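Every number here is computed from the coordinates shown, using simple stated rules; none is lab data. For clarity, every value in this text was computed on a predicted model and none was experimentally measured. Every residue, glycine as well, gets a Cβ built from its backbone with ideal geometry; the counts of neighbours run over all protein chains shown.
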Amino acid sequence: MSKNIDVRVGRKTYSLAAESEQDKKDLLKASASLNSLADQFIQANPSMSNEEALMLTAISIAHEYERLKEHKESDDKMMEQLHNSLAEKLENLLEKY
């Protein structure tokens, strides 16, 4: 059953639907993070509109997402190289016996 919750982001309150208690917790946590970041922009420039603060918040999040995605891709490549190296060494050991 869907339950409405109110969250505050920037200078505005939004009503969201949560399908479960876990969804509710996740939405509250996410909105608190968004609000914290938006508040940083608003405090730095109090005359900034809510829309500008939310746009800067979105750009910040997108930037962090791209940075983490690149980091993950780099980690994935390193793990694949390690896996291939270990597989090759194991094959070499098995050939000896």
Least to most buried among Met1, Met48, Met79, Met55 (fewest other Cβ within 10 Å first): Met1, Met79, Met55, Met48
Read-out Rg and Dmax of the Cα atoms in Å, derived from the coordinates shown; its label in [x] 22.6, 75; [y] 16.4, 49; [z] 12.8, 38: [x]
Ellipticity estimate at 222 nm from DSSP helix runs (n ≥ 4, -39,500 (n - 2.57)) divided over the chain, nearest 500: -27000 deg cm²/dmol
Close Lys-Lys pairs in the chain, where close means Cα under 27 Å and separation is 8 or more or interchain: 15
Between helix 21-44 and the chain: long-axis angle, C-alpha atoms, 0 to 90°, nearest 10: 70 degrees
Helix axis angle, 50-96 relative to the chain longest principal axis, alpha carbon, degrees: 10 degrees
Cut-off 17 Å (backbone N to label point 7 Å along Cα→Cβ of Ala58), residues of segment 1-35: 9-15, 31, 34-35
